[in-house]
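The next block holds one structure in the form of structure tokens; read it before the comments.
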Amino acid sequence: MSINLLKKSILIYKPIFVWNILVSSLTSYFFVIKGFNGPDVYSWALFIKLIGWVFSVGLYVMFYKSTSYFFKNQGISFTRIMVNFVLYDLALFGGILLILFLCQSFT
Amino acid sequence: MCAKGYLSKNISYLPQDNFIPDQINLSAAIDIFCKKNRDQLMQIKFVSDNLDAKFYNLSGGEARYLECLLMIYSDHEYVLLDEPFSQLSPLWVEDLKTHINHAKIAKGFIITDHYYRSILDVSDRIVLLHNRCNYTINNEDDLILHGYLPGYTA
């Protein structure tokens, strides 16, 4: 994971990051409702997260044509951007979950 | 050796369409592509006047001109320019030719364009791709001879 690439990605692909934050927040909310004790909600949350990723890829493809040479001229490939996207999203999702669980334990 | 040229980070490529995202300003683009040659770019008045301008605020010709300059003065050793003289006013075409002639001392350029007079002015070696063949071109008459320009009679 590169911080430099993260900055560039946020600048160029802001809508994708906003979308991922929304999906991660919703998924985390489902986790917090019943946590790991409710397999139905738990499965539903994971399903939403996977569908969210599919939409992220769709959004990325929409931007790809107009931005591909911008990244290629910096020696950054499509695969590297996608891998970084997933890693950033997992880190973000983990962060949101952690914060929610910590907040829940205070109540 | 890289399977894809751009992964070597040694090649800059100017595509036919605009490639710098609209939400980036010129100063940020210079920081990304021209760290080593920033000073040379800053000497160009149009560049220094528009450092804070985002690409969506520029006209198509202005954006094209700046993208050409960014690639010409990029940090990479080789530059591929695909139709750099299209969409530009004659003054800017002349200006670009000056910059290419200045920068080609230090780096390699491959330029493709239908504006053959501009190509003739800046090139050390010219190859015409025509009728599935390569022809070495030395002057405008060769373009007529190989059927790229009208006027040849057998």
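The values are calculated or read from the model by the stated rules, or taken from the named source; none is laboratory data. Worth saying up front: this structure is predicted, and the values here are computed from it rather than measured. Here the Cβ positions follow ideal geometry from the backbone for every residue, glycine too, while neighbour counts run over all protein chains shown.
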- [ ] Could you grab me the full set of residues in region B:101-135 that are over 14 Å from B:VAL79 (Cβ atoms) and among the small types (Gly, Ala, Ser)?
- [x] B:SER118
TODO: Name every residue in region A:58-106 that is in contact with a Pro (Cβ under 7 Å, 6 or more places away or on another chain) and modelled with pLDDT of 80 or more, in order of residue number.
DONE: A:THR67, A:TYR69, A:PHE70
Open item on the list: Based on this model, can you work out whether A:TYR60 counts as within 30 Å of B:ASP75 (Cβ to Cβ), surrounded by fewer than 16 Cβ atoms within 10 Å (Cβ to Cβ), without any contact (Cβ under 8 Å) to a residue 60 or more places away in the chain and within 14 Å of chain B (Cβ to nearest Cβ)?
Closed with: no
- [ ] Starting from residues that are touching a Leu at 6+ places or on another chain (Cβ under 8 Å) and either surrounded by fewer than 17 Cβ atoms within 10 Å (Cβ to Cβ) or in contact (Cβ under 8 Å) with a residue 40 or more places away in the chain (or both), keep the ones in region A:63-107 and report whichever is nearest to B:CYS68 (Cα to Cα).
- [x] A:ILE76
Task: Qualifying residue in region A:4-18 (condition: exposed (fewer than 14 other Cβ atoms within 10 Å of the Cβ) and touching a helix residue (DSSP H, G or I) at 6+ places or on another chain (Cβ under 7 Å)) - done: yes
